[in-house]
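The values are calculated or read from the model by the stated rules, or taken from the named source; none is laboratory data. Remember, it's a predicted structure, so these values are computed and weren't measured experimentally. Here the Cβ positions follow ideal geometry from the backbone for every residue, glycine too, while neighbour counts run over all protein chains shown.
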């Protein structure tokens, strides 16, 4: 087999599906992979924040960098987290989304991983820049996995003359909001009241949530656990 043909057989981005004009990615797999990465990123961040031990953060940076490099430059279907995601959601209906904008989004993820590698491994910077990088990465993963919001579509439309196609949730297509999607002022007021009530509970000691039996690092040694039980 011709080496170029062999490489083209494995090195490509997105699958070609007959009824779609561009190469596509299974959005369900992408979101599942983002969810797994978010959980690991959040756990590594909190571990570093609470213990000042950055070993797990360093491991995550390496894992994220390798994952995004494989997705962008080799083939997403060979990326470890995408493989795990495929196993998890393989019984769900496929949701096709355009591959070009996903490549832009994952390229951004690779850039963040490279920046974090330089910051943590080379510069040994554990200050505000490290914090900002971790928060940015976790936020992007959270929004993609939870809400299906991906910056790839926006960045692709800004960088390319041709508009992105097959965006997650159809956000690239002009559409009218359906009645079931509309939010009334009453619903907004209810959300505000709910948040205000939850915030007021510890503020004004409502419902006795701030009783002495609550365990904190400061009072752990003085708690009578028999009384709590």
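Annotations
- Some residue of the stretch 25-32 being assigned by TED's automatic domain parsing to the domain that holds residue 128 and surrounded by fewer than 20 Cβ atoms within 10 Å (Cβ to Cβ): no
For (1) in a helix (DSSP H, G or I); (2) at pLDDT 80 or above, each residue gets a yes or a no:
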site	(1), (2)
140	yes, yes
143	yes, yes
146	yes, yes
173	no, no
207	yes, no
218	no, no
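- For residue 117: the one exception among (1) in contact with a helix residue (DSSP H, G or I) (Cβ under 8 Å, 6 or more places away or on another chain); (2) under 22 Å from residue 13 (Cβ atoms): (2)
For every residue, the table says whether it meets (1) touching a strand residue (DSSP E or B) at 6+ places or on another chain (Cβ under 8 Å); (2) within 19 Å of residue 114 (Cβ to Cβ); (3) assigned by TED's automatic domain parsing to the domain that holds residue 125; (4) in a helix (DSSP H, G or I).
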| residue | (1), (2), (3), (4) |
| --- | --- |
| 20 | yes, no, yes, no |
| 34 | no, yes, yes, yes |
| 39 | no, no, yes, yes |
| 49 | no, no, yes, yes |
| 57 | no, yes, yes, yes |
| 62 | no, yes, yes, yes |
| 67 | no, yes, yes, yes |
| 73 | no, yes, yes, yes |
